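Remarks on the structure that follows.
The values are calculated or read from the model by the stated rules, or taken from the named source; none is laboratory data. Source: prediction; values computed, not measured. Glycine gets a Cβ as well: all are built from the backbone with ideal geometry, and neighbour counts include every protein chain shown.
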Amino acid sequence: MDKSTGWLGASLLLGLVGCSGDSAPPAVVQRGVTDKEIVIGSHTDFSGPTAIWGVGTINGARMRIDAQNAKGGVHGRQIRFVVEDAQYQVPRAIQAANKLLHRDNIFAMLLALGTPMNNAIMPQQFAAGVPNLFPMTGARSVNEPLHKFKFTQRGIYYDEMRAAVKYFVEQKGSKQVCAVYQDTDYGKEILAGTEDQLKAMDLTMAATSAHKPTETEFTAAILRLREAKCDLIMMGTVHRDTILVLEAARKMGWDEVTWVGNNASYAQVVADHEAGEGYYAFAAMASIYADDPKSPAVQAWWDAYIATFKVEPDIAAMEGYRAADLMVLAMERAGRELTTGSLIAALEGITDYTDIFGYRVKFSPSQHSGTKEAVLSQVRNKRWVKLDQGITH
């Protein structure tokens, strides 16, 4: 049996209808779905180093789910969204996933956060027949190889880094390409994308620097990179270490270098910091601000978010809202007889979707990655300014 088709047996439980059982046919019972509700789960980060992403995405998703429930749910069923705080720690994420899979009996996992967390949990999750919908990571492992249970809506870090190297070498004339990255599954994706694109362009890496996610001192690393005469540095960092690296470079007066990150470091907290000025990032979307012109749909979403959560929405909220919207759309198209199989077929049939922010996402039976294009933005005067979009390698 092909491994990607083993989900069918794992996702369905068989029960008998009737008391005697002599001639009653078996009835299919779908995990996480009852006559009145659909149970969706998530393990995320509310209080750890990536809480900015965790809080924003879950808020955005809850707003979309609550709106759907207020309209009567999906085909008469309410969506119950169960979220666990894993604090960006693998052991806590595994504990949270065990609860969601075995106690809450979830139908699908939505917006699961973190590369190492998803990598640790997906085997157990898929064995239980639970799809992984739109995880908050751009690791190749959440999309490759093609698997019935893997669906992503954001760009892949590896592809974003390849696009970034190609863009800055060809368009900006960068010659000495380097990388600074977390020594984690996530950071190694950044390194691989940079190395592979350089190889494709007959170039070599000038220097690299790896660090632990908890590291706070980067003076020695910056000195090594400066001595290597790096003029373009690809960053496999998140929020805190992005700021610390940039701050260390600024304190040394090293300004003759371009710093480029990805979706993981695209956050307002980076733009707000003085050291973030001029920083570039390739991401799936671009942030919007209060004084930006907005369509009526986006303005209504913006106002509703502020009314609900008392803060302005960020790119994390945008991603969370779109993830929930895609999930609801697929469940609606799957019909009243909702099963794992009908959900997957409905997702694969979404080929014409444009979110309220103007970004396109599409799937097919052979493509579960919703987008391969990246948006290039730069921090200017404490704002992310979109420079280009539709960039690929």
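Structure data summary
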quantity	calculated
Residue within the range 327-339 that is in contact with a strand residue (DSSP E or B) (Cβ under 7 Å, 6 or more places away or on another chain), hydroxyl-bearing (Ser, Thr, Tyr) and assigned by TED's automatic domain parsing to the domain that holds VAL74 present	yes
Index of the failed condition, ALA164 passing every other in (1) of a type outside the set (S, T, N, Q); (2) over 30 Å from THR258 (Cβ atoms); (3) assigned by TED's automatic domain parsing to the domain that holds VAL257	(2)
Scan of the range 119-159 for residues that are among the hydroxyl-bearing types (Ser, Thr, Tyr) and outside any strand (DSSP E or B), ordered by number	THR137, SER141, TYR157, TYR158
Any hit, the range 350-373, residues being free of Cβ contacts under 8 Å to residues at least 60 places away in the same chain, in the same structural domain as ARG31 (by TED's automatic domain parsing) and more than 28 Å from ASP159 (Cα to Cα)	no
Residue match in the range 191-208 (condition: charged (D, E, K, R), closer than 27 Å to LEU110 by Cα and not assigned by TED's automatic domain parsing to the domain that holds LEU110)	no
Of the criteria (1) surrounded by fewer than 17 Cβ atoms within 10 Å (Cβ to Cβ); (2) touching a residue at least 24 places away in the same chain (Cβ under 8 Å); (3) within 29 Å of HIS239 (Cβ to Cβ), which one ILE121 fails	(1)
Every pair of residues 6+ apart whose Cβ atoms lie under 8 Å, when the first sits in the range 28-49 and is assigned by TED's automatic domain parsing to the domain that holds HIS239 and farther than 23 Å from MET117 by Cα while the second is of a type outside the set (A, V, I, L, M, F, W, C) and in a loop (DSSP other than H, G, I, E, B)	none
Those strands (runs of 3 or more DSSP E) lying entirely in the range 199-287 with at least 1 residues touching a residue at least 60 places away in the same chain (Cβ under 8 Å) and not polar (S, T, N, Q)	232-236, 258-261, 280-283
Subset of the range 178-194 that is surrounded by fewer than 20 Cβ atoms within 10 Å (Cβ to Cβ) and more than 19 Å from ALA283 (Cα to Cα) - its residue that is nearest to the chain's Cα centre (by Cα)	THR184
Hey, ILE306 assigned to a loop (DSSP other than H, G, I, E, B), free of Cβ contacts under 8 Å to residues at least 40 places away in the same chain and closer than 24 Å to ILE79 by Cβ or not	no
Hits in the range 68-91 (condition: surrounded by 15 or more Cβ atoms within 10 Å (Cβ to Cβ) and either more than 23 Å from the chain's Cα centre (by Cα) or without any contact (Cβ under 8 Å) to a residue 12 or more places away in the chain (or both))	ASN69, GLY73, VAL74, ARG77, GLN78
ARG333 vs. criteria free of Cβ contacts under 8 Å to residues at least 60 places away in the same chain, touching a Gly at 6+ places or on another chain (Cβ under 8 Å) and charged (D, E, K, R)	yes
Index of the failed condition, GLY236 passing every other in (1) out of contact with any Ser or Thr (no Cβ under 9 Å at 6 or more places or on another chain); (2) farther than 18 Å from LYS382 by Cα; (3) in the same structural domain as GLU195 (by TED's automatic domain parsing)	(1)
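This table checks each residue for (1) in contact with a His (Cβ under 6 Å, 6 or more places away or on another chain); (2) more than 20 Å from ASP185 (Cα to Cα); (3) basic (Lys, Arg); (4) in a helix (DSSP H, G or I).
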{"position": "VAL82", "(1), (2), (3), (4)": "no, yes, no, no"}
{"position": "LEU100", "(1), (2), (3), (4)": "no, yes, no, yes"}
{"position": "MET109", "(1), (2), (3), (4)": "no, yes, no, no"}
{"position": "MET117", "(1), (2), (3), (4)": "no, no, no, yes"}
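A quick yes/no check of all residues on (1) under 25 Å from ALA163 (Cα atoms); (2) assigned to a loop (DSSP other than H, G, I, E, B); (3) within 19 Å of the chain's Cα centre (by Cα):
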| residue | (1), (2), (3) |
| --- | --- |
| GLU312 | no, yes, no |
| ALA316 | yes, no, yes |
| GLY320 | yes, no, yes |
| ALA324 | no, no, yes |
| ALA330 | no, no, yes |
| GLY341 | no, no, no |
| ALA346 | no, no, no |
| GLN378 | yes, no, no |
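This table checks each residue for (1) surrounded by fewer than 17 Cβ atoms within 10 Å (Cβ to Cβ); (2) hydrophobic (A, V, I, L, M, F, W, C); (3) under 18 Å from ALA324 (Cα atoms).
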{"site": "THR340", "(1), (2), (3)": "no, no, yes"}
{"site": "ALA345", "(1), (2), (3)": "yes, yes, yes"}
{"site": "ILE350", "(1), (2), (3)": "no, yes, yes"}
{"site": "ASP355", "(1), (2), (3)": "no, no, yes"}
{"site": "LYS362", "(1), (2), (3)": "yes, no, yes"}
{"site": "GLU373", "(1), (2), (3)": "yes, no, no"}
{"site": "SER377", "(1), (2), (3)": "no, no, no"}
{"site": "LYS382", "(1), (2), (3)": "yes, no, no"}
{"site": "ILE391", "(1), (2), (3)": "no, yes, no"}
